[in-house]
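First comes the structure, then the notes that go with it.
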Amino acid sequence: MEGWVTTGKHRTRRRGLGMAALVALGAVSVNASGDVPPPAPRAIEIIASRFQFEPATLQVTEGDRVRLTLRSTDTDHGFSIRKLNVKVGVPKGGEPVTVELLADRAGTYEFKCSEYCGSGHGRMKGQLVVTPRAQ
């Protein structure tokens with residue numbers, strides 16, 4: 001055991017330093033492997049008012065994480081994307097409501113007001129367009 005001090009205390013310390021070096025090298029190799037933290041969600045603000053959403057068409061790319069922040073300018077509304085199992089209330093008074101979703105499939109998804117808000121409620125619709133990611 002050339003280079004080792006024969007007392008248990010010193011031997012343990014040298015092994016500990018060796019393990020620390022191996023752990024550090026392992027951490028470097030994980031970072032060097034190309035692991036990248038996921039991108040921040042794509043933020044979209046939506047205003048709900050009688051009897052429309054602004055914007056009425058949302059465009060994202062397949063694979064995007066999307067954060068929708070909804071506000072009402074007048075009365076209680078709702079926001080629903082049935083095919084994506086999204087449904088939230090949007091209270092009157094402008095208090096923001098946030099919903100996050102993963103646009104994992106290309107397609108066009110209708111969204112609509114899910115809280116009766118007056119005679120034009122049935123027309124309060126829009127669409128989320130998820131375009132395929134380029135290969």
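Set side by side, the residues G78, G34, G89, G63 differ, and just one is in a loop (DSSP other than H, G, I, E, B) and touching a residue at least 12 places away in the same chain (Cβ under 8 Å), which is G63. Scanning region 111-135 for residues that are in contact with a Ser or Thr (Cβ under 6 Å, 6 or more places away or on another chain) and assigned to a loop (DSSP other than H, G, I, E, B) returns S114, C117, R133.
Screening R65, R50, R42 for residues that are in contact with a Pro (Cβ under 8 Å, 6 or more places away or on another chain) and of a type outside the set (V, I, T) leaves exactly one candidate, R65.
We did not get these values from a lab; they are worked out from the coordinates using the rules stated. Please read all numbers here as calculations on a predicted model, not as lab measurements. Don't worry about glycine lacking a Cβ; one is built from the backbone with ideal geometry, like all the others, and counts go over all protein chains shown.
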